[in-house]
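Values quoted throughout were computed directly from the atomic coordinates according to the rules given, and no laboratory measurement underlies them. All values derive from a computational prediction rather than experimental measurement. Using ideal geometry, Cβ is built from the backbone for each residue, glycine included, and neighbour counts are taken over all protein chains shown.
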Amino acid sequence: MSKRDLITFITLAFMWSLSFIFYRIGVPEFGSVAFASIRLELAGITMLLFVLLNPKNRQGILANWKLLTIIGLCSTAIPFVLFGYAAKSVNAGVLAVLNASVPMMSGVMASLFFNDKLSKKQILGLVIGVIGVFILMSENFLAMMHSSGGDHSSLQSQLWPMGFALFACIGYATGANLTRNYLEHISPIAITAGTLITASIVMLPVAIYNFPYHHSISTKAWGSVICIGILSTAIALIFMNQLIKSIGPVRATSITLVIPIFAIIFGYILLGESLDIFAIVGSVVILFGTYLSLNLSVKKLAEPQV
């Protein structure tokens, strides 16, 4: 891994971890669906500029628009809305840790549908990661049990937000596997542009319909949706696709190991979110499980790409 790749890696982790902070700031004012759809529109407009300014960036988009639309819905539109709903009641650090399960889900899908078999070490990592998710959710579950007073319907309604986040991760994993197996011949910018532009077109009526016309939106909330749309979506996805080409998909997806660390710190510093023992222990277990499932090592990450 070159110094440039390492800087890109850390920068990308920083940008994506901030997206969970932006969710927590903007969703309460815009609403989940409006925030997610506006995020996509801004990302789509940004990538449209990339396509218009350089003809090379549009190569392969028209020929693969159907697949790009499917990937755009799976890896952007649907997950963005689901994470928006989750952000109403789940703190930024927990969202980021749940997001770290994407590589584990990707591994399962690759093994089941794309004949990419997992090693015993990777399977162990998956099991440990699942255990970590249960640990992470246990504090919330116990608190919900106490607050619900035995009301199962109330308990289920409180658990839904975490379920939304996990379903969003399934969408990310699906998009990643489809991209890796069917779009290797397209440039990273073209893939990013194709998925975001098509998804933004699909979500445009949703954005118009759900925009909070009768509510005053603060400058802080507008800043959050602009930053997440341009920086944490459009630019970040270009960096990610380029990183995949430079250091390979396995080491590139290990970015999710670093994101929770940034997100938990930012959530604590910027939003005043608490750090309970369940979140810390669950985070460590999930990160370790993800580390094993990716079959990574510190030595491998430090080796130069051949």
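Here are a few things to note about the model shown:
- Between PHE288 and ASP116, the FRET efficiency from the beta-carbon distance, with R0 = 25 Å, is close to 0.70.
- Contour excess over end-to-end distance, with Cα ends at LEU270 and GLU184 and 0.36 nm allotted per residue: 27.1 nm
- Full extension of the chain between LYS56 and PHE167 yields a length gain of 36.5 nm, computed as 0.36 nm times the residue separation minus the alpha carbon distance.
- Global geometry of segment 55-118, whether rounded, prolate or oblate, following the gyration tensor of its Cα atoms and the 1.5 cut on a/c: oblate
- Taking label positions 7 Å along the Cα-Cβ direction at both ILE277 and LEU49, the computed distance is 5.0 nm, reported to one decimal.
- Residues within the reach of a label modelled at SER218 (point 7 angstrom out along Cα to beta-carbon, backbone nitrogen below 13 Å), restricted to segment 23-37, are 24-30.
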